[in-house]
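I have placed the structure first, in the form of structure tokens, so that the comments after it can refer back to it.
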Amino acid sequence: MRLSILQENLAKGLSIVGRAVSSRSTLPVLSNILLSTDEGRLKLAATNLEVGVSAWLGAQVEDDGAITLPARLLTEWVNSVPPERIDLEMVVRTMSVNLKCARFESNIKGIDASEFPLIPTADGERSLGLPPVMLRKIIDQVAFAAAEAKDTSRPALTGVLARFEGERLTLAATDGYRLSLRRTSLAAPAPFEQSVIIPARALEEVSRISGECDPDQPVEIAVSSARSQVLFRMKGKGEGEKGAFHQVDLVSQLIDAKFPDFMAIIPKSYTTRTVIDTAAFQRALKVASLFARDAADRVLFQIVPGSDTTPGQLILRATSAEAGDNVSELDALVEGSGLEIAFNARYLLEVLAVMDTPQVVLETTRPDRPGVFRPVGSGPEEFTHVIMPMQLNR
């Protein structure tokens, strides 16, 4: 293998695939990145056996070949050299690669490419196309609510349920304390109707990578015929642009488990409806969270209905035995009776960060029943977030 590539392009490609590199595997080759030539391009690939990412970069290829190199060393070397052309030449006898850039020259030892696991592709599978901006938004509104990947006792909760039904896509995630639900309409019916559980970490990588993609090229989504893997294909911004790549494929194993009946978690009615300014709500929560840290992030909500002469209010209270206490008052449009209820401030700040409307609505019934948060202006069919309350301290 002998080729030349711009430093910016190689650095971009390594940043895209690098997050899939395994950090704790007993197989040394999983700590490496595969470099191979493919139809006049340089292909980079990395996998941890659960998620695999492949990226095709523009390069001047003189000889074909393939090898795997240590991900950390290669990435740090590329990020350290000047933004000029990098020449790579594989030395088969020593199973290494000679790299030259400007006045820098190094040899990095690798592992034979034949030891690298095969990463499936989406070729031949029926796919659904979604605009990158839309896909990124719906992932960001849901994936954060999933349980941490290390929670092996509840594998279904570490993933996001993706339900494809005709012209509708539904994403749902829950960690047992909160639920995030996002429904979106598709431009055309999905070529397949099924429900799968995708690891939240894989979807977060899709969101990150799609931000580097051509916004005018849809992200193709396919579920393998065996229903064991989901595949995402993303197009680059074109060969002539700085840091450009041609294409990225991400393949993830699906979670084989039963997802909870999330519709049973969402309250069907409410007794109090409170509309709050999103930015003011965020600011008050950030201040309250400073005092709630020592109390499991607990913030008390006091909802006060308005009268003919005064507006309704939402009063936030947070108390720390060591740090002190805080009270914040917000004007609010309150329909229904007054109520006191406590929520986790961190959970609220995370959901407000993915709401892009000027106002947010909170629907409540009792202090021991979940609260429902929605962006004002989007119907219940779009984005719904449910948070379990915390115990009131009397």
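The values are calculated or read from the model by the stated rules, or taken from the named source; none is laboratory data. Computed from a predicted structure; not experimentally measured. So basically every Cβ, Gly included, is an ideal-geometry build from the backbone, and we count neighbours across all protein chains shown.
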Practice prompt. Go through the stretch 127-156 and count every residue that is of a type outside the set (D, E, K, R) and under 20 Å from K258 (Cβ atoms).
Written response: 10
Discussion item. Quick check on the stretch 73-85. Is at least one of its residues surrounded by fewer than 18 Cβ atoms within 10 Å (Cβ to Cβ), assigned to a strand (DSSP E or B) and in contact with a Leu (Cβ under 7 Å, 6 or more places away or on another chain)?
Written reply: yes
Response to the item:
Of those in the stretch 31-82 that are within 26 Å of R103 (Cβ to Cβ) and of a type in the set (S, T, Y), the residue nearest to the chain's Cα centre (by Cα) is T75
Worksheet item: Would you call L348 more than 27 Å from the chain's Cα centre (by Cα) and either surrounded by 15 or more Cβ atoms within 10 Å (Cβ to Cβ) or not assigned by TED's automatic domain parsing to the domain that holds A279 (or both)?
Response: no
Item to complete: State the number of residues belonging to the stretch 96-127 that are more than 13 Å from T68 (Cα to Cα), acidic (D, E) and modelled with pLDDT of 95 or more.
Response: 1
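Filter the stretch 53-86 down to residues that are among the charged types (D, E, K, R) and within 22 Å of D112 (Cβ to Cβ), then give me how many there are.
So the count comes out to 4.
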Item to complete: Answer yes or no as to whether A146 is crowded, with 22+ Cβ neighbours inside 10 Å, farther than 18 Å from V219 by Cβ and hydrophobic (A, V, I, L, M, F, W, C).
Response: yes
Worksheet item: In the stretch 336-361, how many residues are touching a strand residue (DSSP E or B) at 6+ places or on another chain (Cβ under 8 Å) and more than 21 Å from A295 (Cβ to Cβ)?
Response: 10
Worksheet, complete the sentence: Quick count over the stretch 102-115, residues being assigned to a loop (DSSP other than H, G, I, E, B) and in contact with a strand residue (DSSP E or B) (Cβ under 9 Å, 6 or more places away or on another chain), is 2
Worksheet item: In the list L118, L99, L88, L34, which residue meets the criterion of being under 30 Å from S225 (Cβ atoms) and assigned to a strand (DSSP E or B)?
Response: L34
Worksheet item: Looking at the stretch 187-207, which of its residues are part of a helix (DSSP H, G or I) and touching a Gly at 6+ places or on another chain (Cβ under 7 Å)?
Response: A200
Item to complete: Within the stretch 175-186, track down each residue that is out of contact with any helix residue (DSSP H, G or I) (no Cβ under 6 Å at 6 or more places or on another chain) and either outside any loop (DSSP other than H, G, I, E, B) or free of Cβ contacts under 8 Å to residues at least 24 places away in the same chain (or both).
Response: L181, R183, S185
Worksheet item: Got a sec? Which of R317, R369 is basic (K, R), modelled with pLDDT of 95 or more and closer than 18 Å to K286 by Cα?
Response: R317
Item to complete: Tell me, yes or no, whether the stretch 274-284 has at least one residue that is under 29 Å from P375 (Cβ atoms), surrounded by 16 or more Cβ atoms within 10 Å (Cβ to Cβ), of a type in the set (D, E, K, R) and in contact (Cβ under 8 Å) with a residue 24 or more places away in the chain.
Response: yes
Worksheet item: If we keep just the residues of the stretch 19-35 that are at pLDDT 95 or above and of a type outside the set (A, V, I, L, M), which is nearest to L69 (Cα to Cα)?
Response: N32
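The rows are residues; the columns are (1) buried (at least 18 other Cβ atoms within 10 Å of the Cβ); (2) touching a residue at least 40 places away in the same chain (Cβ under 8 Å); (3) more than 17 Å from I266 (Cα to Cα).
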position	(1), (2), (3)
K286	no, yes, yes
D308	no, no, yes
V354	yes, yes, yes
R374	yes, no, no
Discussion item. List the strands (runs of 3 or more DSSP E) inside the stretch 208-324, counting only whole elements, that have at least 2 residues being within 26 Å of the chain's Cα centre (by Cα) and not basic (K, R).
Written reply: 219-223, 229-235, 247-253
Discussion item. Which numbered condition in (1) among the aliphatic types (A, V, I, L, M); (2) outside any strand (DSSP E or B); (3) surrounded by fewer than 21 Cβ atoms within 10 Å (Cβ to Cβ) is the only one that V61 fails?
Written reply: (2)
